[in-house]
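Before any comments, here is the structure.
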Amino acid sequence: MTDLVPVLIDGIIYASYLFIIAVGLTLIYGVMKILNMAHGSLYALGAYVTATLVGAWFSHGLNPYGSFALPLLAAILVGLVAGPIIERGLLRFMYGNDEIVLILVTYALLLILEDLIKLVWGVESYSAYQPYGLLGTFEVAGLPYTKYDAILVGVAVSVGVALTWGLARTRQGKLLLAVIHDREVSAAMGINVQRVYLVTFTIGTILAALAGALIAPKVSVVPAMGVEVIVLAFAVVVIGGLGSLPGAALGALIVGLVGSAAVHYLPQVELFSIYLVMALVLIFRPKGLFSAAEARKI
Amino acid sequence: MTAADRTLPALSLALQVFLIGGWFLPDWAQSLLILAFGKGLVVLGLLLLIRTGLVSFGQGLYYCLGAYAAVSASKILAFPDLMSDALAMPLFGGVVAGVLGLVLGFLLARYRAIFFAMLSLAFSMILYGLLIKMSVLGSSDGFNIDYRTLAGIKLPDGMKLYALYALSTLLVFIATACLHRYLRSHLGRLAPAVRDNELRVEYMGSSVRYVVHVNYIIAAVLAGVGGGLVALSIGHIDPDLAYWTTSGEFVFVAVLGGTGNVAAPVLASLLFEWIKSAAYQYAPYTWQMVLGITLLLVIMFLPAGLWSIFQRRAREA
Amino acid sequence: MNTKLPRQLGFWSATILVLASAFGAVSAAAQENPVKIGAVTFLSGAAAGPFGVPARNGAEIIVEAMNAGQLPAPYTAKGLGGAPVQLAFTDEAGGTTKQVNEYRNLVQRDNVDMVIGYISSGDCLAVAPLADELKKLTVFFDCGTPRIFEDASYKYLFRTGATATMDSVAAALYVTELKPSLKKYAGINQNYSWGQDSWNDFEAAMKVLKPGVEAATSQMPKLLAGQYGAEISTLLTSHADVVHTSFWGGDAEALILQGAPRGLFQKSTVVMTAGEPTLVRLGSQVPDGTVIGARGPFDVFAPDTELNRWFRKAYEDRYGVVPSYPAYKMAQAILGVKSAWEKAQAANDGKRPSEDQVIAAFEHLSFEGPGGKVEMALGKGHQAMQGTAYGIAKNAGGKITMVNVKTYPATKVTPPDGVKSDEWIKSGFKAGK
């Protein structure tokens, strides 16, 4: 009795998670042309900080509902500290290098961050489970789902809407779009590209950490969680089209729904369904589903 | 340029030094060298791709396939005699990898930059997923392999390791020398031209896609042979050979060495294995950080790879 | 811009790195008298927290007490027959390619006297032939695949922990005794050898024990997936009486955290074959009624002996948590080596025994670990046989106790020597007692 409703709901919950991970990655790529492999480590950092905060919150016996603010706090904390340090301290020396070299720079960063996290938190698992079960469950088609997962969907939608609005309607956003479109001309027009980069990378870091922070209550925070997630995020972003916001949303939905359908109907192919989708999409749409037409520069 | 002309004599000198010197090395050092040589072959293929302007984050596909092909042939098709041969196995691995490279090349030759990297990554991960599913091949645990002969000659126990070492040294020499010649051929010289400006290559009357395709196949064959060698040296294969981190490591080594010379990937591979082993020994809790910092230092201070040290000295001399 | 300075810096930092390592290699040259043991366990990655670090801690506790002569009887002699023991830890992370070379380095470069270690079955399979090739006493303490001694035989290799077959067979026995009228069962296991083998053994055992009862669904999420929403939905809709899982570490914890609020653990009896470390880590969050295994008579299932009491106290005093099964299994491996060593030494007129003498003494050895008696009865005397136990976690307001504990003697859950595990299960546990 596998009807379609649970497949859709499971798929959408999974897609929301994927979207929050992927959106920061695609934003940074869109503006800075860096496919940030350390994104996964920043995600893990968000999860670890959340676990620590939630642990402290409950050991002090504070109002449990207040703990819902902690993931957001952790994300902003990680973003505002790690973002500028990485961008100002490392990445700015690397601009102008080949895209592949930039990937390797962030790969090196990933290796360093993984061990740094290990030095701070050790290899033991952490959990921040309290918020996850706090709100209880609701039923759809006879199956219980947690309300926390519903919040996750809500956050994903809000992040998507906020970013779309921010890019289209605010001055900062328009500056960003200008830089995405043509960095050199933007700089010539007097846009402070350096600052745009700093802001973009910080926002991207906050989003990465937010994904980890939101997921922390439903998983066990362990080493290697960031490495596991990075290829997943890559796949989503590549399927949707690198640097495209609606692309990330569509990519997340496709991967989420395909993954969920595989689990329900064909558990055997679940392991590599995502790569199959990625290969198929790239074969028929070599630059992903949403790719801006590039101006040819000669 | 005089510096470049010295490559072939230098390579054959290195071959002699490694062949004779290896005899006196302890077993663990010989194994480390075989591993470095095998992986060096994969990176050699990457060098060719990078010169063509392409970086593959999926060479693990061919590396793994090369390792599995030979062994599966002996396991499933039952050619125990032929397929327990230290020479036949890597070569067969190379052939199988080359055939898949030929097929996938029709598709991948249309891709560039990050999309090429990602699509090749996707293919390697699909192989990884398939192998995990195949319990007949041991799933994620993989299985053990062994070799008994070299080119049909039965190997006594005390000679097995050195025979494999000598074989890998010889294969690396042949591969580097041939690639060096190839890079100087008409087709080989088109590689950097494709990287710099595809339109010009097309206007000159050459097919960009053909150049990319050929180079892609060569890289696949090299990765297949390398995978076969590593499999023999380790005595065990498993799907991790196709995992994306394995491919990432090859790109790491390629950047470490630079693309200045065909010897660079092999030297970088040697250095990398050695750094990694030393880091494991002296920093068992922070070896990843050691690798990360090494990579950053190379990118920052030697953007053209370690080979640029030699080049600079050659220029200054 | 001055580009020369950074380049020089790069050159010199590379040079210093080279010199530092070369110097280190020289200074690490061997010292003769103590027994140097290379200990290999996960120090990084996902398996470090649940397995690698408890195992390392267990090794440190045992070796320190052993060197000080503070172990309870029968292990009161200092070190190994008087010779002090040095531990050199290596990280097991990095895959089989890395591990095979590191093993070579341990044996041939660092000249260890023996190697104890390996949690991953893949690493064990890869290292096994090398132990005989390099002629170095090697003891596997944890990895579970029965393939090691069922597909080959070795002289220098021993395994002091039972195979994973036991875990699945005992789990099937336990649930069929617990729920004689069960109609459907399901599984959720990680998609790699450990999970696949665990499920296959469990399913095969269930077919023998409950013919006609079918598996409703077998979910195989990716290792370290962390998100099990869709899997939990299918398990809930499968209406299975029993759900089998061999999840470990973070995955096991995530399954509990995501499954418990959705009622998975109330709706079905969930059997966690490797659940005991999760019990240690997650404590009060383990849902009432979960069936827990410890891959042997360890921790909550350990016998009340002086050795066990000492081990638990020493471990808790130092690390602030109870020792989980990997710590027990590591302690067991070291004590097995100690027993063999001292038996060989006694036969050698009290002189330090040779490696061959230790091996001869180790074969078919019977010794006492903190988890009870271990018999090296399989694989021509190289593979341990040990019973196991399962029990139900009773969660009374966050306090966990084990109820309905059942122990299974080794002969009931392990095939006799020379019989392959999967054939033994399919034959209906023939030749087993």
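The values are calculated or read from the model by the stated rules, or taken from the named source; none is laboratory data. Just so we're clear, the structure is a prediction, and the values are computed from it rather than from any experiment. Counting neighbours? That spans all protein chains shown, and the Cβs are built from the backbone with ideal geometry, glycine included.
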Identity of the residue in segment C:397-418, in a strand (DSSP E or B) and free of Cβ contacts under 8 Å to residues at least 24 places away in the same chain, that ends up surrounded by the fewest Cβ atoms within 10 Å (Cβ to Cβ): C:Val403
Check on A:Pro131, assigned to a helix (DSSP H, G or I), touching a residue at least 60 places away in the same chain (Cβ under 8 Å) and farther than 25 Å from A:Leu25 by Cα: yes
Any hit, segment A:264-274, residues being among the small types (Gly, Ala, Ser) and crowded, with 24+ Cβ neighbours inside 10 Å: no
Options C:Gly387, C:Gly371, C:Gly381; residue that is without any contact (Cβ under 8 Å) to a residue 60 or more places away in the chain and surrounded by 15 or more Cβ atoms within 10 Å (Cβ to Cβ): C:Gly381
Residue within segment C:360-383 that is of a type outside the set (A, V, I, L, M, F, W, C) and closer than 19 Å to C:Gly82 by Cα present: no
Residue list for segment C:128-148, filter: over 10 Å from the mean Cα position of the chain (by Cα) and either under 19 Å from C:Lys412 (Cα atoms) or not assigned by TED's automatic domain parsing to the domain that holds C:Gly369 (or both): C:Thr145, C:Pro146
Search result, residues across segment A:232-242 that are more than 15 Å from A:Leu282 (Cα to Cα) and more than 11 Å from chain C (Cβ to nearest Cβ): A:Ala233
Filter result (more than 7 Å from chain A (Cβ to nearest Cβ), within 21 Å of the chain's Cα centre (by Cα) and acidic (Asp, Glu)) within segment C:231-263: C:Asp251
Residues of segment B:39-74 that turn out to be out of contact with any strand residue (DSSP E or B) (no Cβ under 8 Å at 6 or more places or on another chain) and farther than 21 Å from B:Leu121 by Cβ, as a count: 5
Check on A:Ile191, surrounded by 13 or more Cβ atoms within 10 Å (Cβ to Cβ), of a type in the set (A, V, I, L, M) and at pLDDT 90 or above: no
Options C:Asp110, C:Asp142; residue that is at the interface with another protein chain (Cβ under 9 Å from one of its Cβ atoms) and either of a type outside the set (Val, Ile, Thr) or touching a Gly at 6+ places or on another chain (Cβ under 7 Å) (or both): C:Asp110
Any hit, segment C:172-181, residues being of a type outside the set (D, E, K, R) and in a loop (DSSP other than H, G, I, E, B): yes
Criterion (in contact with a strand residue (DSSP E or B) (Cβ under 8 Å, 6 or more places away or on another chain) and in a helix (DSSP H, G or I)) met by exactly one of A:Val231, A:Val227, A:Val263, A:Val196: A:Val263
Of the criteria (1) under 21 Å from B:Gly45 (Cα atoms); (2) within 13 Å of another protein chain (Cβ to nearest Cβ); (3) assigned to a helix (DSSP H, G or I), which one B:Arg209 fails: (2)
Which numbered condition C:Gln219 misses (of (1) facing another protein chain (nearest Cβ under 7 Å); (2) without any contact (Cβ under 8 Å) to a residue 12 or more places away in the chain): (2)
Hits in segment B:10-45 - residues which are within 11 Å of another protein chain (Cβ to nearest Cβ) and under 25 Å from B:Ile114 (Cβ atoms): B:Lys39
Single residue of segment A:216-231 satisfying the filter (buried (at least 24 other Cβ atoms within 10 Å of the Cβ) and not hydrophobic (A, V, I, L, M, F, W, C)) that is nearest to the other protein chains (Cβ to nearest Cβ): A:Ser220
So B:Ala283, is it at pLDDT 80 or above, surrounded by fewer than 17 Cβ atoms within 10 Å (Cβ to Cβ) and within 28 Å of A:Leu91 (Cβ to Cβ): yes
Search result, residues across segment C:133-159 that are farther than 27 Å from C:Val53 by Cβ, outside any loop (DSSP other than H, G, I, E, B), touching a helix residue (DSSP H, G or I) at 6+ places or on another chain (Cβ under 7 Å) and not hydrophobic (A, V, I, L, M, F, W, C): C:Glu150
Selected residue (criterion: surrounded by the most Cβ atoms within 10 Å (Cβ to Cβ)) from residues of segment B:180-206 that are in a helix (DSSP H, G or I) and among the hydroxyl-bearing types (Ser, Thr, Tyr): B:Tyr182
Residue tally, condition in a helix (DSSP H, G or I) and surrounded by fewer than 24 Cβ atoms within 10 Å (Cβ to Cβ), over segment B:255-271: 4
Matching entry among A:Ala178, A:Ala156 (being in contact (Cβ under 8 Å) with a residue 12 or more places away in the chain, closer than 29 Å to C:Thr237 by Cβ and assigned to a helix (DSSP H, G or I)): A:Ala156
Segment B:231-270: number of residues that are without any contact (Cβ under 8 Å) to a residue 60 or more places away in the chain and among the hydroxyl-bearing types (Ser, Thr, Tyr): 1
Out of A:Gly212, A:Gly251, A:Gly256, A:Gly173, sole residue that is farther than 30 Å from C:Phe42 by Cα, modelled with pLDDT of 90 or more and more than 14 Å from chain B (Cβ to nearest Cβ): A:Gly256
Set B:Ala177, B:Ala219: member being outside any loop (DSSP other than H, G, I, E, B), of a type outside the set (Asp, Glu) and surrounded by fewer than 18 Cβ atoms within 10 Å (Cβ to Cβ): B:Ala177
Options C:Gly187, C:Gly195: the member that is within 14 Å of another protein chain (Cβ to nearest Cβ), within 20 Å of the chain's Cα centre (by Cα) and touching a residue at least 40 places away in the same chain (Cβ under 8 Å): C:Gly195
